[in-house]
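Participant: Below is one structure. I have some questions about it.
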């Protein structure tokens, strides 16, 4: 791996200028391509003509990767085995494979946190017979907004523990998708499942 230093010069194709341009390396705050975050003070090559970032040297990749991984920390919880079965069955019901369960949970957490789906019944689900059982299975949910959505659900309910929220959301999914076959979440989730294929 070639190590470059600040003020080193090179040539690279600039996407903005659409041609081969002279490039100067320097430290900069750079937004991720999806606009979700900024990598601070990272060494990049900028076009000498338009000053836009043209190149990310290999040595700067770990700094960018770390910023991305911080966004996607997993939220983990242990649940009874039958709750994983509920997620699997609900995934199939919306036309997806069984590995779609994480997307179901993220969809519901987000909708509940923003009150697109009412969170008022979540506590009631925890009092049901299905809420019981030995927590033998681990569920891991990754996503940029998962922690924020869980905190949003906590603020709207009397639930204080992440494990309670995950269990109650799974039971809400069971009620909406498998029992009632509610049209609004079914239609939205079928669209998401189709996009994930």
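Throughout, read-outs are computed from the coordinates displayed, never taken from laboratory work. Fair warning: this is a prediction, and the values are worked out from it, not measured in the lab. All Cβ positions, glycine included, derive from the backbone under ideal geometry; neighbour counts span all protein chains shown.
Participant: For the chain, find the longest principal axis of its Cα atoms and tell me its angle to the long axis of helix 81-93, 0 to 90°, nearest 10.
Facilitator: The angle comes out at about 70 degrees.
Participant: What spacing in nm lies between the two simple spin-label points modelled at residue 59 and residue 144, each 7 Å away from Cα in the Cβ direction?
Facilitator: 2.9 nm
Participant: Ranking 134, 106, 11 by Cβ neighbours within 10 Å, fewest first, what do you get? Walk me through the numbers on the way to the answer.
Facilitator: Numbers: 134 9, 106 20, 11 13.
In increasing order of surrounding Cβ atoms, one gets 134, 11, 106.
Participant: Just grab the label-to-label distance for residue 82 and residue 196, each label 7 Å out from Cα along the Cβ direction, in nm (one decimal).
Facilitator: 2.4 nm
Participant: Would you work out the relative contact order for segment 91-197, in percent, from Cα pairs under 8 angstrom that are 6 or more residues apart?
Facilitator: Numbers: 97 pairs, mean separation 41.9, N = 107.
In percent, rounded to a whole number, it is 39.
Participant: Further question on the same structure: Once Rh is set to the Kirkwood radius over Cα pairs, what Stokes-Einstein translational diffusion coefficient, in µm²/s, holds for segment 114-163 at a temperature of 4 °C and a viscosity of 1.567 mPa s? Present the calculation step by step, with values, prior to reporting the outcome.
Facilitator: Working: Rh = 12.5 Å.
Result for D is 103 µm²/s.
Participant: With axes computed from alpha carbons, what is the tilt in degrees of helix 101-113 against the longest principal axis of the chain, rounded to the nearest 10 within 0 to 90?
Facilitator: The answer is roughly 90 degrees.
Participant: Highest mean first, what order results for 144-155, 186-197 on Cβ atoms within 10 Å? Show your work: numbers first, answer last.
Facilitator: On the way: 144-155: 17.4, 186-197: 13.9.
Peptide ranking by packing, descending: 144-155, 186-197.
Participant: What list do you get for 168, 140, 77 if you sort them by fewest beta carbons within 10 Å? All intermediate terms of the calculation are to be shown ahead of the outcome.
Facilitator: Numbers: 168 25, 140 9, 77 21.
So the ranking, lowest neighbour count to highest, is 140, 77, 168.
Participant: Let me ask another. Using the Cα gyration tensor of segment 1-42, with a ≥ b ≥ c the square roots of its eigenvalues, what is the shape: rounded (a/c below 1.5), prolate (a/b larger than b/c) or oblate (neither)?
Facilitator: Working: a/c = 2.41, a/b = 1.23, b/c = 1.96.
Oblate shape, in that a/c is at least 1.5 and b/c is the bigger or equal ratio.
Participant: Under 19 Å from a point placed 7 Å out from the Cα of residue 6 along the Cα-to-Cβ direction: which residues of segment 23-44 have their backbone N that close?
Facilitator: 23-31, 39-44
Participant: Based solely on its DSSP helices, what 222 nm [θ] is calculated for the chain when runs of n ≥ 4 H residues each add -39,500 (n - 2.57) and the sum is averaged over all residues, nearest 500 deg cm²/dmol?
Facilitator: On the way: 7 runs with 79 residues, N = 197.
For the chain, the value works out to -12000 deg cm²/dmol.
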